[in-house]
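First the structure, in the form of structure tokens, and then the observations on it.
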Amino acid sequence: MVRKSGCLGNDMCPKGKFYLGNGNILLVGEAAGFLNAFGEGISCALSTGLFAAEAISKGIKSRDNALALYTELTKQERRQTKASWRLGAKIAGRDLMPI
Ligand SMILES: Cc1cc2nc3c(=O)[nH]c(=O)nc-3n(C[C@H](O)[C@H](O)[C@H](O)COP(=O)(O)OP(=O)(O)OC[C@H]3O[C@@H](n4cnc5c(N)ncnc54)[C@H](O)[C@@H]3O)c2cc1C
């Protein structure tokens, strides 16, 4: 018997198509597009969760928009996620998530 398996992925992370939220809703982790190349997503799920909490907390105190604060706080994480996929593709010699 030949066993075949697979999983569904999306191109949010390699293409940098992050979706951080809308209005008072903030998305973190994979739902927002944070997943590093080779499927490492726990660290960015934790860090973006922490950034979301920080943005909400600061937003309540300063009355600034939490989504705008969260967007600013995740700048580096978004840059690193995109860079990890570029590096992964370079090492593998191919697009890691071809559509
Ligand atoms: C087989 C496998 C191996 C992996 N190995 C590693 C690894 O070694 N290291 C690593 O860093 N990462 C690994 N990852 C990736 C990592 O698990 C994920 O990137 C990480 O768990 C994402 O965290 P998250 O909180 O964003 O989402 P999730 O952990 O997916 O959490 C989302 C939660 O939301 C719940 N949910 C969904 N829809 C609804 C709804 N409508 N209402 C209420 N709840 C809902 C889900 O049940 C789930 O509990 C692996 C992934 C897989 C599939």
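Looking for something over 27 Å from Gly6 (Cβ atoms) and either surrounded by fewer than 18 Cβ atoms within 10 Å (Cβ to Cβ) or within 11 Å of the ligand (Cβ to nearest atom) (or both) - is there at least one such residue anywhere in the range 25-37? Within the range 25-37, one or more residues are over 27 Å from Gly6 (Cβ atoms) and either surrounded by fewer than 18 Cβ atoms within 10 Å (Cβ to Cβ) or within 11 Å of the ligand (Cβ to nearest atom) (or both). Looking only at the range 83-99, residues that are touching a residue at least 12 places away in the same chain (Cβ under 8 Å) and open to solvent by 80 Å² or more (accessible area, probe 1.4 Å) come to 3 in all.
Any residue at all in the range 40-54 that's away from the ligand (no atom under 15 Å from the Cβ) and open to solvent by less than 100 Å² (accessible area, probe 1.4 Å)? Yes, the range 40-54 contains a residue that is away from the ligand (no atom under 15 Å from the Cβ) and open to solvent by less than 100 Å² (accessible area, probe 1.4 Å).
The values are calculated or read from the model by the stated rules, or taken from the named source; none is laboratory data. Just so it is clear, the model here is predicted, and its values are computed rather than measured. Here Cβ is always computed from backbone atoms with ideal geometry, including for glycine, and neighbour counts include all displayed protein chains. Just the protein is used for accessible areas: all its heavy atoms, side chains included, with ligands, DNA and RNA removed. Shrake-Rupley method; radii C 1.70, N 1.55, O 1.52, S 1.80 Å.
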